[in-house]
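Q: I'd like to ask you about the structure that follows.
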């Protein structure tokens, strides 16, 4: 048996199919993954993401510490509440984890890291904190609910406590607001508008059922994966990992090279890789032939092996198979994917595939 | 609990087989299998005329989650595949024992049908698998 979030009994009550994920027992779906996916694109869905780990980083040295720890630069976070997506790299330029970090106030940050990597991340963060005046607190006391979709904010706002309601209603995308106990970010992992709500574990079941009564569709990890794939968002451990870094995972935009004197972990290795000219490309694929692309299938270009699928699946919005793939530089327009021994034609596109309910690529 | 019609025969790999009474058998996947697979989004069926060995992987059902092989319950020749599944693969979810059939086969040995699992034995196999 795995770890259980404060919402586990809610999932059981709703008849969820439970699967093991990163050490946790999590809902895969509550009946139909496709219906859950469509609910998020068309109305509103909610995800229990309490397995993800908020980590508070406080202290006079917090900014300097995070500027060393993270490949993106928290110095960009001028306004309180602003969020930043970043990789945390190892010295070889591989990815220890990807995370979101919110600036809360001078010297006060909150990061949210992946469930399966949380222990490793905390260990890594502590190990690099020695030279900085900083305190790192794992917030295992918090639950987290993501409410996503065009109607998500309207459905969630009336359920927020009075002391955060107005601030949350005025949030711009990629900003967060907080009260004493709650933390609400206008962020997500679906390509839709919405909130990610961190709240005390004991408040979570009540909010979950109130959202359900307000017509928000409970969604499992299955829909979470097809939604993020359509949105062209990376999944740690699949699209990038400790061996393969941001420059070959479509995450070059998250590496802050300027200022040139900022010494972040992995910088030298990334620079050498960038200057070597041997970078592979990270692309989107749309299958034009029949079938479903799955991760680890081979990409072929003019009959030769040219790369590998990192994430593949069926896009419920586009009603065809899509994928993210790491391929040799210079291949463009058309390729093939080897599916069970057959070369099936695909088109190379620039992700995202879908944003705000609409196709972003020509079909 | 999933549905297991008493008049069909079954395999441990979750195919059902129906005797059409005209020398052909129809093959599909059980209610239990479609439920475990989740929403089905693509089906690759065997071509008519193809000769199958018993237990040969001969069709593929892909759900939102994963691809699953379908195995020939017995040796024979494929008579027809269900054309409906090309455009509406989800028919397997909505009607696993009727409209969602996958292919028809003319068995090499007509007696092989009787050696397949009966409903009670299949139900027991599913229960054992879940324990």
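Q: Out of everything in region A:5-32 that is part of a loop (DSSP other than H, G, I, E, B) and within 12 Å of another protein chain (Cβ to nearest Cβ), what residue ends up being surrounded by the most Cβ atoms within 10 Å (Cβ to Cβ)?
A: Only one residue fits best here, namely A:30.
Q: Right, here's the next one. Looking at (1) within 14 Å of chain A (Cβ to nearest Cβ); (2) surrounded by 21 or more Cβ atoms within 10 Å (Cβ to Cβ), can you tell me which one residue B:101 breaks?
A: If we test residue B:101 against (1) within 14 Å of chain A (Cβ to nearest Cβ); (2) surrounded by 21 or more Cβ atoms within 10 Å (Cβ to Cβ), just (1) comes out false.
Q: Against the condition under 20 Å from residue B:109 (Cβ atoms) and either out of contact with any strand residue (DSSP E or B) (no Cβ under 9 Å at 6 or more places or on another chain) or assigned to a loop (DSSP other than H, G, I, E, B) (or both), how does residue B:7 come out, does it pass?
A: Answer is no for this residue.
Q: Filter region B:57-84 for residues that are out of contact with any strand residue (DSSP E or B) (no Cβ under 6 Å at 6 or more places or on another chain) and either more than 22 Å from residue B:20 (Cα to Cα) or within 14 Å of chain A (Cβ to nearest Cβ) (or both) and give the result.
A: Those that are out of contact with any strand residue (DSSP E or B) (no Cβ under 6 Å at 6 or more places or on another chain) and either more than 22 Å from residue B:20 (Cα to Cα) or within 14 Å of chain A (Cβ to nearest Cβ) (or both): B:65, B:66, B:83.
Q: Taking region B:39-55, which residues are surrounded by 14 or more Cβ atoms within 10 Å (Cβ to Cβ) and within 14 Å of another protein chain (Cβ to nearest Cβ)?
A: Once the filter is applied, which keeps residues that are surrounded by 14 or more Cβ atoms within 10 Å (Cβ to Cβ) and within 14 Å of another protein chain (Cβ to nearest Cβ), region B:39-55 yields B:39, B:40, B:41, B:42, B:43, B:44, B:45, B:46.
Q: Let me ask something else. Going residue by residue through region A:291-307, is there one that turns out to be touching a helix residue (DSSP H, G or I) at 6+ places or on another chain (Cβ under 9 Å) and surrounded by 13 or more Cβ atoms within 10 Å (Cβ to Cβ)?
A: no
Q: Confirm whether residue B:33 is without any contact (Cβ under 8 Å) to a residue 12 or more places away in the chain, more than 22 Å from residue A:320 (Cβ to Cβ) and outside any loop (DSSP other than H, G, I, E, B).
A: No.
Q: Condition first: within 14 Å of chain B (Cβ to nearest Cβ) and surrounded by fewer than 22 Cβ atoms within 10 Å (Cβ to Cβ). Can you find one or more residues in region A:62-71 that meet it?
A: So far as region A:62-71 goes, no, none of its residues is within 14 Å of chain B (Cβ to nearest Cβ) and surrounded by fewer than 22 Cβ atoms within 10 Å (Cβ to Cβ).
Q: If I ask for residues that are within 14 Å of chain A (Cβ to nearest Cβ) and crowded, with 24+ Cβ neighbours inside 10 Å, which ones from region B:8-38 would you list?
A: B:34
Read-outs throughout are calculated quantities, based only on the coordinates presented, and are distinct from any laboratory measurement. Only a predicted model underlies this, so the values are computations on that prediction, with no experimental measurement involved. Methodologically, a virtual Cβ is constructed for each residue, glycine included, from the backbone with ideal geometry; neighbour enumeration extends over all protein chains shown.
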